[in-house]
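The structure under discussion appears below in the form of C-alpha cells.
Here, each number is a calculation from the coordinates, and none is a lab measurement. On a predicted model such as this, the values are computed, not experimentally measured, just so you know. A quick note on method: Cβ atoms are made from the backbone with ideal geometry, for glycine too, and the neighbour counts reach across all protein chains shown.
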Amino acid sequence: MAASADGRLALRVTVNGTLHELTIPGSRLLIDLLRDDLGLTGTKKGCAIGVCGACSVLVDGELMSACLLLALAVQGRSVTTVEGLAAPDGSLSALQAAFIAHGGFQCGICTPGQLVAATALLAHQPDPDEAEVRAWMTGNLCRCTGYLGIVASIRAAVIGEGPAAGAGE
Amino acid sequence: MRPFSYVPAASLEEAVGVLARHGDEAHLLAGGTSFVLLLQQGLVDPGVVVGLSSVPGLNTIERDGAGQLRIGAMATLGRIEGDPLVRDALPCLSEVVGRVATVRIRNQATIGGNLAHADPAQDPPPILLALDAVVEAIGPSGRRTIPLDSFFVDVFETALAPGEILTAVRVAAPSPAIRFATVKFLPRTVDDFATVTVAVRIDPSPDGRVADLRIALGAVAPVPLRAVAAENAIRGHVPDEALLAGAAELARDAVDPFDDVRGSADYKREMTRVWTLRALRRALAPSERVA
Ligand code: FES
Ligand code: FES
C-alpha cells in the first residue's frame, strides 16, 4: 500500500463478502469507513474509545472495536458487520432469531454489537456455559441494562431452542 | 490532526530506517488500541506512521534452545493468552493477559505496544517483572536487550532510545516448584484499568525458607515497580504472618500513586498493602498452586 503525498492511500478490504477498493486518508477509522463511506450504519459509534462494544466487528473472524482500528489496519483483510450475519437470502442467523424470541434487546442501540460479539463467541466456543457467556460479553454494554435477555438469547441459540420456546414471555 | 503518510514496514531494518530518517515526525503503529486514542486526542500528531503488522514473524511465540520463551512484540494479548507454549510454561502470564480489558482489546493490543507505551496501569508488566523478563530491541546502532526491571523510566517513557523498536519479550520458563499469585484489584468494573495489580513469585527452598522472591506492583506509581525492600524482608526467612504483614507495609511505603477515579492516592497505598499481603499468603498457601 503506497501513500500518496497528501497522505491518502489505496485500501482493499472485503466487507461482508464484497471486495471494496477505496482511497482513504491514513487517519480514517474503520467505523467511519463502514458507516460513512460504505453506508453500513448497523455498526454503532457509542463511546468511540473502545469501551462500550457498540462498534463490535469481526476482522478475519476476530472480534474487534471498529472505533479503535485505523481503516488501514484492515488492508487485505475481511470484515464482518452486523449486516453480514444473516444469510444472503435474508434469513436470520440462529442468534438473531433468538434475540428476537427471547427479548435480547430493548432500545436496540447496543444490539448490533451484542450480536457480532455473540457470533464471535459461538465461533470460538460453540457450547459456552452461562459463566462463559457472561465473561465474553462483559465488553458489550447495554444502556437499557437488558443483560438477562441478552444472556438468555445467547443461551437459547446455543441449546438450539427455537423461537417458539420464548414466545409469550 | 494533520494527514500522515503510512509506511507498512516490510522488515525491521526498513522500520528502523524510516524512524531514523524522520526522527520525531515518525510514530510506530502496533495494535493501535492506544495509538488511535492518542491520535484522536491530538496527543500524537505524526507526519509518518510506520506499521509493524506487515513485518513477517514479529508475532511469533517460540521456545529457544535455552528453554526461554520468546514472545514477538506483535503477538496480541489474546494470542498469548491462548498460546499452548505460554499456557504450558507460564500459566501465570496467560491468566494475567486474559484479564486485560475485554476480548476486543485483547484481540488487537500487542505485548510490544503494551510495554513500549509504558502506561503504568497496564496489567502485563508486574507479572513480567516477577518473571525477570528481558526485552529485545533493534535500533540504528543494532540490537540489544534490556532487563524489564530497568525498562520503565517514567509515565509513557521507557529506556528505548529514539528510533529504537521493541521486538520481543523473553522469559525463562520457571521450574514447577516456583509459585505465583497475581491480583488485579478492580473496585469498579471487570474491564477497567486496575486500581492496583500485584504479582508475587516465590522460589521456595526445601527447608521452608523463601530462597528468592519477587513482589511487583502496577498502577500505583509512575512506573510498574518491584517492592525491593519488601522482597528483602522475606528473602532467606521462613515466612510467618508477622513477616508477611511487615513486608506488605514495606510494599505500601514503596509506591507513589496518584489520585484518580480509581481511588485516592491514600486509598491506593492502603490497597497496595492489603493486596500484597493477600497475594503473598496465596503464593505461600500450601494446598493450592495459584497460577
Ligand atoms: S464505540 Fe467502539 S467500543 Fe464504544
Ligand atoms: S437495548 Fe438499549 S442499550 Fe442495549
Problem set entry | Total charge dipole magnitude, chain B, about the Cα centre, Cβ charges on Lys, Arg, Asp, Glu only, Debye to nearest 20 | 580
For this session: Please identify, among B:Ser53, B:Ser264, B:Ser175, the residue showing maximal mean-square fluctuation in a Gaussian network model of chain B using a 10 angstrom Cα cutoff.
Result: B:Ser175
Problem set entry | Cα-based radius of gyration of the range A:84-124 once divided by 2.2 N^0.38 Å, which approximates compact folds | 1.12
For this session: Taking the Cα centre of the protein assembly as shown as origin, sum charge times position over the Cβ atoms of Lys and Arg (+1) and Asp and Glu (-1), and report the length of that vector in debye to the nearest 20.
Result: 200
Exercise. With charges only on Cβ, +1 for K and R and -1 for D and E, what is the dipole size of the range B:61-171 about its Cα centre, in debye, rounded to 20?
Worked result: 300
Exercise. What is the helix-to-structure angle for A:111-124, meaning the angle in degrees between its Cα long axis and the longest Cα principal axis of chain A, kept from 0 to 90 and rounded to the nearest 10?
Worked result: 80
Exercise. Shape of the protein assembly as shown from its Cα gyration tensor (a ≥ b ≥ c, root eigenvalues): rounded if a/c is under 1.5, otherwise prolate when a/b > b/c, or oblate?
Worked result: oblate
Exercise. Dividing the Cα convex hull volume of the range B:179-284 by residue count, how many Å³ per residue is that?
Worked result: 81
Problem set entry | Highest-MSF residue in chain B out of B:Thr158, B:Thr272, B:Thr197 [GNM, Cα springs under 10 Å] | B:Thr158
Problem set entry | Ranking of B:Val228, A:Val151 by count of other Cβ atoms within 10 Å, fewest first | B:Val228, A:Val151
Exercise. Separation between the B:Ser175 and A:His20 pseudo-spin-labels, each 7 Å from Cα along Cα→Cβ, expressed in nm?
Worked result: 5.7
For this session: Could you work out which residue, out of B:Ala118, B:Ala177, B:Ala168, moves most in a Gaussian network model of chain B, that is, has the largest mean-square fluctuation with Cα springs under 10 Å?
Result: B:Ala177
